[in-house]
Amino acid sequence: MHELNFILDNFINNLPKKPYCSNDLGQGLLIRPKEIAVNFKYLQANSPYYQHYLIFDLDYEAAMAEIIYSKVGIPLPNLLVENPENGKAHLLFQLETPIYKTDASRPKPIIYANAIIKRLEELFDADVGYSGLITKNPFSSEWRVSTLRSRPYSLNELALNLDLSWKEVNQPIAKDEATGLGRNCYIFHTARHWAYVEIRKFRGSTYNAWFECVLKHCQNLNCGLADPMSHNEVKGIAKSISRYCWKKDSYCYQEFIDRQTRKGKLGGRPKTTTAAGNPWEALGISRATYYRKLRETKA
């Protein structure tokens, strides 16, 4: 009981200040202060700006028994909130560090968390169409509440238990799989590959012009989703991509020059010409970078 109280205290402390809530999802959602929202059967556990919980919908009977007796060796949820009449349940995994979804967010934790969600959906036979926005309220007397673990998880701990590699984590997301955090991943992976080529048009331009171009592209991708993300989430993705490409463009350009040079050597064609005496100036790179790349090519 002490562990359950501890988890429930964390839950109420982590709630958004004004979450969505409802007693009948068919009648729509209300926005209420959390002191009032906790009296409803369903409510929003995660803030639009940060995510404390990974939530799964187990739409089959006797979910608790299935977890305890049939799904041995997989991570256990911090909270299990079930319908006492049929055992269908929502599972909540609390994160020790929330995943931020603002215009200052980093993409790596979001990509990491989405891969974890997909693996847990598979292991728990959870509903893949569930968005995770609204969950059964563990404070409502309508549900039976249990805890199977008191300590929150880190993403690394979950990934280790799930045997996830970064190569698997970093796989692109198809548009029809873009739900929840998958939307962030879909836009990030789609837009970044476009940006690697598009930035060539902005050599000699300003960063602000480049960022606005990336943001517009990300917004167009977002508009094509069935459940678009907030402007701040899209802006965060655009910032990450535009900054990376802007910072790395001279390096990518040098890589292109080196590849062309190597191809010229293999095909008997002359190397790319450079300015006599100071070839790095013609390439728009520093002297140190030029000689470092030259050593790598010879190696």
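Just so it is clear, none of the values below were taken in a lab; they were calculated from the coordinates. As the structure is a prediction and not an experimental result, all values here were calculated from the model. Note: ideal-geometry Cβ built from the backbone for every residue, glycine included; neighbour counts use all protein chains shown.
Please list, by residue number, every one of the GluC sites (Glu not before Pro) in region 83-122 that is coil in DSSP and has at most 14 other beta-carbon atoms within 10 Å.
Counting only loop positions with at most 14 other Cβ atoms within 10 Å, the GluC sites (Glu not before Pro) in region 83-122 are Glu85.
Sort Ile74, Ile110 so the one with the fewest other Cβ atoms within 10 Å of its own Cβ comes first.
Ile74, Ile110
Kindly put Cys218, Cys223, Cys213, Cys21 in sequence by how many other C-beta atoms sit within 10 Å of each C-beta, fewest to most.
Arranged by neighbour count, lowest to highest, Cys218, Cys223, Cys213, Cys21 become Cys223, Cys213, Cys21, Cys218.
So, with +1 on the Cβ of K and R and -1 on the Cβ of D and E, and no other charges, what is the size of the charge dipole of region 2-169 about its Cα centre, to the nearest 20 debye?
620 debye
Looking at region 2-169, send over the antiparallel percent of its DSSP beta bridges, to the nearest 5.
Of all bridge pairs located within region 2-169, approximately 95 percent are antiparallel.
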